[in-house]
Structures are given as structure tokens and as C-alpha cells.
Amino acid sequence: MPALKPASILGLLVLILFVLIAIFAPWLAPHAPDQTLGMSWDLPGPNALLGTDNLGRDLLSRLIWGTRVSLGVTVLAALVAFSVGCTLGFIAGLRGGWLDQVISRCNDIVMAIPTLILALIVLAVLPKTLLTLTLVLGLLESTRVLRVARSLATDIGVMEFVYVARLRGESLGWILRRVILPNALQTLIAEFGLRFIFILLFLSALSFLGLGVQPPTADWGGLARDNKDGILFGVWAALIPGGAIAVLALAVNAVADWLMSGSTRIWGKKA
Amino acid sequence: MSDVLLKTENLRVVSAGKNPRTLVDDVSFTVKRGEVLGLIGESGAGKSTIGLAILGHCRQGMRIHSGSIVFNGQDLTALSDRRLRQIRGRHIAYVAQSAGAAFNPAITLGEQVIEAALKHKIYDRQQAQARAIELFEQLGLPQPQAFYQRYPHQVSGGQLQRAMIAMALCASPELLIFDEPTTALDVTTQLGVLKAIADVIRISGVAAIYISHDLAVVAQISDKIMVLQHGKTVEQAPAAQLLAQPQQEYTRRLLNAQGETKTPQTGEAPVALSLRNISARYQAQPVLQDISLNLPRGRTLAVIGESGSGKSTLGKVICGLLSPETGKMTLEQQTLPAGLRQRSRPQLRDVQLIHQIPDTALNPKERIGGQISRVLECFTSLNRPERQAKVSELLAQVGLHAELAERYPAALSGGQKQRVCIARALAAEPKLIVCDEPTSALDPLVAREVLALLRKIQHDTGIAYLFITHDLQVVREIADEVAVLKQGVIVRQGPVASALSEPLDDYTRELLHSVPEMRTGWLAEMFVSA
């Protein structure tokens, strides 16, 4: 592991804080997320520390519950993206030939369509549940992961220790899991950080457009949309979820940077 | 102006960090004008580090701790980066090992050769071009005018290396540093490049430092030789004196780096591997043509030839990594299917491969023990504790401590890694091991030990080796029979004693005679007699 820099320590702490908030949301939130406390956009007070939202609900509570949804959907979608992307990318990179052509060209076709538009069309047709949302986000992002995974597998696949495994008669699956994956892991973990950020921004954008997480469930993008009109009246409620998105993205980026700095050489002198 | 060009005193280079390791320890030497100093030692001896330090440069994570490097009366360790840049290339030039990596593929060779001279404003463009062409001629490059216009990919490795020497010489430096300039080349190509180096040094009268791990090569070029080990000077003497009367035990070992010659086994023996009329190609490029050979059980067949002669391809075909176009292979009288997928588990088990570069043959992310154990898991019915015991046994067999099973490859030296690769091949209890230049990436002393180990294993187990190499010394140490490969065709084949003695064909003679001999003046004699 590379040495920790102050920025990455800070990023790691912020990330842990967000994860803890997401896990302990029911105990941390002072109110239920859909409980009406007062009028629209009440000023911060003892009952609502950050004031209320457009429908008079506690903004802080919705923010805390929203952390759970935003973080959860993003993590799950990133996992989907990596499972699908790595499997297909590794197979394409290692097997090469026509299989690589089929997988890579199909991937190029999907990548050629702007993701936001593709997601809007798909989500407009499908039922807007958290499950479909997670899958759509994950599959769309898996195209990017596939590219990275494929190039990693081509690089590692020409190493002699892969030939050694093939000479032993090992199956493709075994080579992928036991030889390619461990050697690609550090790069992939760093990539996971970056993909996480993109998925978070993408999810927030969808929610802001009304096709992501559906009301009354709170998530950061949705909170920003609900309260955006308040800005006209001098209410800054919409900026708080926006700020949360930015802070989390920066934190994850700092952590990913740290992981990436050690992954320039996969099989150098140092392990 | 004094006679001494470079005077290095008590040079000490350490690694950066909290616990600095000393990489070069208290090394002192002088180079007079027109003199060639040879630096010799194994990898990790600090040769290249010294070479770079003279350029006022340290690799990342190193620094010059103390000592002085006085060049032309200036202490290089005290100069600013800007002043150093004026000296580099202009007064001191560097020739690296891999010419392929040193050239920009998008610019013609000639333009790259004159770049330094133009930058330091020594010549104008026309003068520089004339100088470059003159140098190409001195270096024995064919058609110097046309060569100037070529791109790096259009010339051979030996020519590229010469172009790099021309690049270093173009600005007429006073000191040249050669860092293993012929190590990556074939023996036959090496001979030509060595000749070119010797000639340009003689003609231009430039002083030089020649770094190599091959004492026989250094002896041809140098006036004075310094032997290094673990960053320390072992001894320093004029070349002829060092070879004739080495003072230190380590130098003596280097001088005798050729191990004992094997007494080749001859006579009838049951055939282990037999190839009949094998031809193979990469796409349209034919690589092997009509190869037929027999390898008796428990013997070693050395396949020799220049790079590009198809040696490694032959190894791949036998292992099943490349399917031949035509021909038939049998192992112990049973047909060996061409492709890896058609081979049964016992057939996979019977043929094992040892690679040239042990660093890339071991999975860096898996423990040594796990990698050997997996072979046992694939080919034997041993259970876990039995496998563990067997791994220790195999490690002991190749002369390694059983503790190494818990380590990752990065924690091992090159020689240890190659021993692990041998242990991994042995784990399968094969009938045949294809050895693809297993010692050419190792230091001479380590290589000798590995060869001795391979001989001992063959003696104990009766495994047959197909030994691919370009090094004729290695052939004498390990082989019973030899096949000489030239452009994919076997030109000569038979027991070592008869195949490598007169009457020889031209190609085999060239291969044999290109191996530098451990005495001064060999290079000069080669070209006097030629």
C-alpha cells in the first residue's frame, strides 16, 4: 500500500463518516423522513436543525435517510458494474479472437449512445423501482469497467505465468479468478473509486430529472430537485444535498488517488 | 591540462529513505585521456549506479552521499543541474543497454544522432550531418548516407546499437560511458558491435568506461578493469594483469565462470521425444521448416541458433502453445497431440517448461508454496498436508529453504526464482522439460549453479531436457546432443563432440567463434585472421 497523504486521510475519514451515517440513519435522524413538522422552508430552529423542506419535512432527517439511499444504490450499482464489466472484459482480453471482437464491439455500440439519454429512455419504460435503477446504472457503467478490465487482462495475459497455468490445463475460469484477478486487483479497486463517483453523480442527475429515486423516498439528487425553487426565495436548502454530493465525490476521489498511486506497476520489484 | 580526465574518490551512493542502504561504497578510480576502464560485477554490484553517477545523475530513490567525481578539474557533485546539463551529452555521453528503447520511433536515426551536437551548438546542421555519416562509416554501417534517413524500426538490433554509439560520439565528447551495450545482442551480432566500439575508441581517442557483467567482453575493450561486488571494489588492475594474476578469490571465480564440462552421454537409448517433419508458421511467416529430431530418455538436446532462428518457437510447438502446420510429435512412442486442448492430463504433465525470465514466469501475487502446490493438485492425488510436505521436499531438491514457500516472488533473487521455476516443473514429475534459455537472464556465477542443479536433477531422475540456448559455453556444460537451427531449418545435428568440431559449416563456425574468449587481444586476432 502506498503511503497515506493528508488529503487521502481526510478523504478516508469523510468516507467513513458517510458510511456510518448511512448505516445508523434510523438512530441518527431526529425525525421520520416523511413526517411533516411545519411550513415550507422554515428557518433552522431547535426542532429542525437545518430547517424544513418544500413540504415542511425536516431537512436534516431527509438528508440522513437520503445518504442511505444514495450511498446504497451507488455501491450496489458499482458492484453490478464491476461484476459484469470485469467478467466480460477479462474473457475478452484473455481469449481474444472473435469472442473479443463480439464483446468489444457490442460494448462500443452501447458506449456510443449518450448514457443519460439511454438511461432516460430505459427508465421511462421500466418500472421505477430501486432495483431497476440500480441495475440500469450498473449495466451502463459496466461498459467503462469492461474497457479497463479488458486492457488489464490483455496486459497480464501475455505474461509467462499465464502460459504456465495454461500449460497445466487450467480452465479459463480458474485463470481469471486466480491469476488475472489478483494481479489486476489494485488497479480495479482504484477504478472502483472513480466509477463510484460517476455513478453517484449519474444517480443524482437522474433523481434531479425525476427519473431516479421516486418520492417520497429521499435521496440527495431528489432533495436538490424538491428544494431548487426555494433558491428563488433565498432559501439555501437545495445547496445542502448538492454540497453532500460534492464532499463525498471529493472524499472518494482522494481515496482513489491514494490507491491509484501504488498501482502504476503491477509486477515490479516491489509487491 | 593534466593527463587525468576523470577522478572519482570515495564515491558513496545510498538509497533514500529512513534506513539508507549503501549501493556504492567507497569506490575510487581514475580514467586518463584515451583510456578505457572496464567495470565488471554481477547485477546489484553497483556498476550502472556508478556509470550514472558520473553523469551527475542518480536513479529515483538514490543519492550521492559523499565522495567526489572530478571531471576536467570540476567536481560534478557540486555542480548545479544547469551546469550538469551542459556537460552531459557535450563532454560525457552515455550508451545504454537497450537501443530499442532509446530511440524515438517517429524521427529518422540521423536526426536523432545529430540532436545533441546541434543543441550544444558544436556544429551547424551540415557539419553535424557530415560528422554523423562519417561515424556511421567508422562503425561499419552499410550505406551510411541511406542509413541517415532510416527510422529505428527499419534497422536491426545490432545496427541500432551502433547508431546509439554514433549518437553518443557525434558531439565529440571526452568521455563515453557504455552500459552493457552488447548484452542484449546475439553472439554473432555482439562480435560486430564490439569491433565497432573498439574501432571508434581507437580512431577518436576518446576515454571510456565500459560496464558489463561479462569479463571476457570487457577484457577485449579495456585497458584497466575494476571488479565490483556489492558496491565495493574487489580489485583493480590493468586488463592483462587481472586476467593473468587475479589477486582476489572473487575475481578468480568470475574468471572460471565456465563450469565443468559435461561428459556427453552417447550410445543407444530409448527415445523420449521424437519430432517428424514439423513445420510451423505465425500467420504468413514460416518459422520452422521440416524439423525432425530425436531426444533420448535422460539426455539433453541443445537447440542453438541466433535470435529469430526459431528456437523458442520449437519449444512452444513441443509444449503445445503453438500448433504446427504439419508433422508429428511422439513422446515415449505415443502421439503427442498438436494443440494444448487436445492433450490429456497425463500428456500435459509429461512436458514441462522453464522460461528464460523467472520474474515473469511466477505469479507475483501468489506465494511460492501455493504455485508449486497447485501443480501437485492438478497432477497428483496428494491431499493438502501431503502436498505441503512435497513442496518442502521439492524446494530442498532445488537447494532452497522450505521457509521460502511462504514468500512472494518479489522477496526472492533472480537465481532463487529460477530455482522455484525448476521446482515447479519438477512437481509434475515430467518426462521432458523444455528449458528456454533458463540461464541467460542470470549472472554468470548464478547461471553456473543453476546448470549444475539441472545436471544433478537429470542424473537423479532421468528427465530429458530440450535445452534452447544461444550460448555455446552452456551447450558444453549441459548437452549430450546438439541441433543447430538457422532460419527455421536444422543445419547440423548430432552428439556434441562431433557436431561442434571440424569440419564445420560456415554458420556453426561463426556461432562457435563469436563467443568471446577470456583473454586480451582475442577481438583483434579475430579480425586479423578474418
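The values are calculated or read from the model by the stated rules, or taken from the named source; none is laboratory data. In this text, all values refer to a predicted model and were calculated from it rather than measured experimentally. Counting neighbours? That spans all protein chains shown, and the Cβs are built from the backbone with ideal geometry, glycine included.
Any chance the stretch B:149-165 includes a residue that's out of contact with any Pro (no Cβ under 9 Å at 6 or more places or on another chain), assigned to a loop (DSSP other than H, G, I, E, B) and within 28 Å of B:LEU512 (Cβ to Cβ)? Don't jump to the end; show me each part of the working.
If we filter the stretch B:149-165 for residues that are out of contact with any Pro (no Cβ under 9 Å at 6 or more places or on another chain), which is where we start, we get B:149-150, B:154-158, B:162.
Okay, now just the ones that are also assigned to a loop (DSSP other than H, G, I, E, B), so B:149-150, B:155-156.
Next, only the ones that are within 28 Å of B:LEU512 (Cβ to Cβ) stay: B:155-156.
Yes, the stretch B:149-165 has at least one match.
Based on what the data block shows, is B:VAL317 without any contact (Cβ under 8 Å) to a residue 60 or more places away in the chain and facing chain A (nearest Cβ under 9 Å)? Break it down stepwise before answering.
Working: without any contact (Cβ under 8 Å) to a residue 60 or more places away in the chain: yes; facing chain A (nearest Cβ under 9 Å): no.
Considered against the rule, which asks whether it is without any contact (Cβ under 8 Å) to a residue 60 or more places away in the chain and facing chain A (nearest Cβ under 9 Å), B:VAL317 comes out as no.
Quick check on B:LEU293: is it assigned to a helix (DSSP H, G or I), on the phi < 0 side of the Ramachandran plot and modelled with pLDDT of 90 or more?
Details: assigned to a helix (DSSP H, G or I): no; on the phi < 0 side of the Ramachandran plot: yes; modelled with pLDDT of 90 or more: yes.
Against the criterion (assigned to a helix (DSSP H, G or I), on the phi < 0 side of the Ramachandran plot and modelled with pLDDT of 90 or more), B:LEU293 does not qualify.
Exactly one condition in (1) away from chain B (no Cβ under 14 Å); (2) under 15 Å from the mean Cα position of the chain (by Cα); (3) not basic (Lys, Arg) is not met by A:ILE189; state its number.
Answer for A:ILE189: the failing condition is (1).
Can you say whether B:ALA410 is part of a helix (DSSP H, G or I), out of contact with any helix residue (DSSP H, G or I) (no Cβ under 7 Å at 6 or more places or on another chain) and farther than 30 Å from B:ARG476 by Cβ, as far as the supplied structure shows? Can you show your working first?
Details: part of a helix (DSSP H, G or I): yes; out of contact with any helix residue (DSSP H, G or I) (no Cβ under 7 Å at 6 or more places or on another chain): yes; farther than 30 Å from B:ARG476 by Cβ: yes.
So B:ALA410 passes the test.
Can you run down the residue pairs with Cβ atoms below 7 Å, 6 or more apart or on separate chains, where the first is in the stretch B:398-426 and within 16 Å of B:PRO438 (Cα to Cα) and the partner is small (Gly, Ala, Ser) and part of a helix (DSSP H, G or I)?
What qualifies is B:VAL398/B:ALA423; B:CYS421/B:ALA361.
Among the residues of the stretch A:244-252, is there at least one that is in a helix (DSSP H, G or I) and without any contact (Cβ under 8 Å) to a residue 12 or more places away in the chain? First the steps, then the outcome.
So the first thing to find is which residues in the stretch A:244-252 are in a helix (DSSP H, G or I), and the list is A:244-252.
If we keep only those that are without any contact (Cβ under 8 Å) to a residue 12 or more places away in the chain too, we end up with A:246.
For the stretch A:244-252, residues in a helix (DSSP H, G or I) and without any contact (Cβ under 8 Å) to a residue 12 or more places away in the chain: present.
Give the residues of the stretch B:335-359 that are more than 9 Å from chain A (Cβ to nearest Cβ), among the β-branched types (Val, Ile, Thr) and in contact with a Pro (Cβ under 7 Å, 6 or more places away or on another chain), sorted by residue number.
B:ILE354, the sole residue that qualifies.
Which of the residues spanning the stretch B:30-47 are within 19 Å of the chain's Cα centre (by Cα) and at pLDDT 85 or above? Outline the logic, then answer.
Let us first name the residues in the stretch B:30-47 that are within 19 Å of the chain's Cα centre (by Cα), namely B:38-47.
Correct list: B:GLY38, B:LEU39, B:ILE40, B:GLY41, B:LYS47.
Here's the yes/no breakdown for (1) farther than 30 Å from B:TYR408 by Cα; (2) not in a helix (DSSP H, G or I):
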position	(1), (2)
B:VAL303	yes, yes
B:MET329	yes, yes
B:GLN356	no, yes
B:ILE372	no, no
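All but one of (1) farther than 23 Å from B:VAL450 by Cβ; (2) modelled with pLDDT of 90 or more; (3) of a type in the set (A, V, I, L, M, F, W, C) hold for B:ALA269; state the number of the condition that does not hold.
(2)
Yes or no, residue by residue, for (1) surrounded by 23 or more Cβ atoms within 10 Å (Cβ to Cβ); (2) touching a residue at least 24 places away in the same chain (Cβ under 8 Å); (3) in a loop (DSSP other than H, G, I, E, B):
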site	(1), (2), (3)
A:THR67	yes, yes, no
A:ALA77	yes, yes, no
A:VAL80	no, yes, no
A:CYS106	no, no, no
A:LEU123	no, yes, no
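Mind counting the residues in the stretch A:152-180 that are within 7 Å of chain B (Cβ to nearest Cβ) and assigned to a loop (DSSP other than H, G, I, E, B)?
First pass over the stretch A:152-180, keeping only residues within 7 Å of chain B (Cβ to nearest Cβ): A:159-161, A:163-164, A:166-169, A:179.
Restricting the remaining residues to those that are assigned to a loop (DSSP other than H, G, I, E, B) gives A:159, A:168-169.
Qualifying residue count for the region: 3.
Among the numbered criteria (1) part of a strand (DSSP E or B); (2) within 20 Å of B:THR22 (Cβ to Cβ); (3) at pLDDT 85 or above, which one does B:LEU52 miss?
Of everything listed in (1) part of a strand (DSSP E or B); (2) within 20 Å of B:THR22 (Cβ to Cβ); (3) at pLDDT 85 or above, B:LEU52 misses just condition (1).
Among the numbered conditions (1) surrounded by fewer than 15 Cβ atoms within 10 Å (Cβ to Cβ); (2) farther than 17 Å from A:TYR163 by Cα; (3) not hydroxyl-bearing (Ser, Thr, Tyr), tell me where B:LEU336 comes up short.
(1)
So that you can scan it fast, the table gives a plain yes or no per residue for (1) in a strand (DSSP E or B); (2) farther than 22 Å from B:LYS311 by Cα; (3) of a type outside the set (A, V, I, L, M, F, W, C); (4) touching a helix residue (DSSP H, G or I) at 6+ places or on another chain (Cβ under 7 Å):
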residue: B:THR360; (1), (2), (3), (4): no, no, yes, yes
residue: B:PRO364; (1), (2), (3), (4): no, yes, yes, yes
residue: B:LEU404; (1), (2), (3), (4): no, yes, no, yes
residue: B:PRO438; (1), (2), (3), (4): no, no, yes, yes
residue: B:ALA447; (1), (2), (3), (4): no, no, no, no
residue: B:VAL450; (1), (2), (3), (4): no, no, no, yes
